1. For residues that are open to solvent by 70 Å² or more (accessible area, probe 1.4 Å) and either under 20 Å from Gly86 (Cβ atoms) or among the β-branched types (Val, Ile, Thr) (or both), tally how many sit in the range 249-276.
2. Where residues in the range 106-118 are on the phi < 0 side of the Ramachandran plot and small (Gly, Ala, Ser), which of them is surrounded by the fewest Cβ atoms within 10 Å (Cβ to Cβ)?
3. Within the range 198-220, which residues are surrounded by 19 or more Cβ atoms within 10 Å (Cβ to Cβ), of a type in the set (A, V, I, L, M, F, W, C) and assigned to a loop (DSSP other than H, G, I, E, B)?
4. Find all pairs meeting these conditions: Cβ atoms under 8 angstrom apart; at least six residues apart or on different chains; first residue within the range 153-164 and among the aromatic types (Phe, Trp, Tyr); second residue open to solvent by less than 20 Å² (accessible area, probe 1.4 Å).
5. Mind counting the residues in the range 130-171 that are over 8 Å from the mean Cα position of the chain (by Cα) and among the polar types (S, T, N, Q)?
6. Tally time: how many residues in the range 119-171 are open to solvent by 50 Å² or more (accessible area, probe 1.4 Å) and hydrophobic (A, V, I, L, M, F, W, C)?
7. Enumerate the pairs (first residue in the range 104-119 and within 13 Å of Thr180 (Cα to Cα) and in contact (Cβ under 8 Å) with a residue 24 or more places away in the chain; second residue anywhere and in a strand (DSSP E or B) and open to solvent by 60 Å² or more (accessible area, probe 1.4 Å)) with beta-carbon separation below 8 Å, excluding pairs fewer than 6 apart on the same chain, so at least 6 apart or on different chains.
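The values are calculated or read from the model by the stated rules, or taken from the named source; none is laboratory data. Note that this is a predicted model, so its numbers are computed, not measured. We place every Cβ from the backbone using ideal geometry, glycine too, and count neighbours over all the protein chains shown. These area figures cover heavy atoms from the full protein model, side chains too; ligands, DNA and RNA do not enter into them. Shrake-Rupley method; radii C 1.70, N 1.55, O 1.52, S 1.80 Å.
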Amino acid sequence: MTLVAKRRAALVVIVLVATIGAKVIPQLVAQREAMPRTAIGYHEEKKKKPVDINWLLVVGRRAERMRESDPTPFRNSRIALYERNGANLRKASRDFAIRSRTTDQRIPEQGELDSLGGVASSGFVSVPTGFFSLKKGPWRYPGEIGFLISDWNRNDGVIVLKTPQVIEQVRSAEGDTTYTTTVLRSSHDKTGSWLHMTQTQTWSYLDSNGCMNLFKPVGSNGISKNAPSGPYDWDELLKVLEERKLVDSPPMLYVALWDEVGEGDNLRPMLEIDRLKLPQAIAASD
């Protein structure tokens, strides 16, 4: 066979293969796509079961003291443990007094700034109302623990805010009547918020950088010498959780305005789940 004939034969084969491929390959692809996914090596992921809540820590937020001269009670909000009972949540503990708002969102007054040595931070916002995850971790004093607060589908201590949190450093020299501010951080992410104990009894500008706390008069050297006698609310809340084995795997946290969950001076004994502003995956779980 001459070289020309060989080239013609090769060309015919190429054209024939291309023609067959143009007709057959689309049919094979269509057949493959029509097959059950498990039959062609796909992993069929099952729908995740909605997150269930058997236990829930509920905070009812009320007005709280925002400066030393404010007559409002310092820990005026309330927290309690609730247990799920069908379509309701039933209170499973007494109410505990809790500080639920930050104490240093505003610029400090001159006297407050002087007592802090002329340097302070401001701009921290409170944990917003909503549904959150808790994670046990060590607190700042030996043997003490706290619970890191995160958005409900994470545990890294990040809470996404609708408006940015702008943290400023405020400085004023002794005797000055003016101050300077420097922006340290501006972000829609709020980090490092904890549910923890604190020894503050009445007021401190630095008592909360956006955390939530219950009273226990302990510092780096243990219980303060002039501390009132216990038991203390923080220890009592931990006891409630320990009895139900909820310390190492803590329940979720729900922060609500008082009218939603409170009545008079107490959290309601029963809460209807479908009336709470829970994520759909939570409210719909059985």
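1. 5
2. Pass one, the range 106-118, residues on the phi < 0 side of the Ramachandran plot: 106-116.
Among the residues that remain, those that are also small (Gly, Ala, Ser) are: 111, 115.
Values: Gly111: 12, Ser115: 15.
Out of the qualifying residues, it is Gly111.
3. Scanning the range 198-220 gives a single hit, Cys211.
4. From the range 153-164, no pairs qualify.
5. In the first step, residues of the range 130-171 are kept if they are over 8 Å from the mean Cα position of the chain (by Cα); the result is 130, 135-147, 153, 156, 160-171.
Now narrow it down to the ones that are among the polar types (S, T, N, Q): 153, 163, 165, 169.
Selection size over the range 130-171: 4.
6. Selection size over the range 119-171: 4.
7. Cβ pairs passing all conditions: Ile107/Thr181; Gly118/Arg171; Val119/Arg171.
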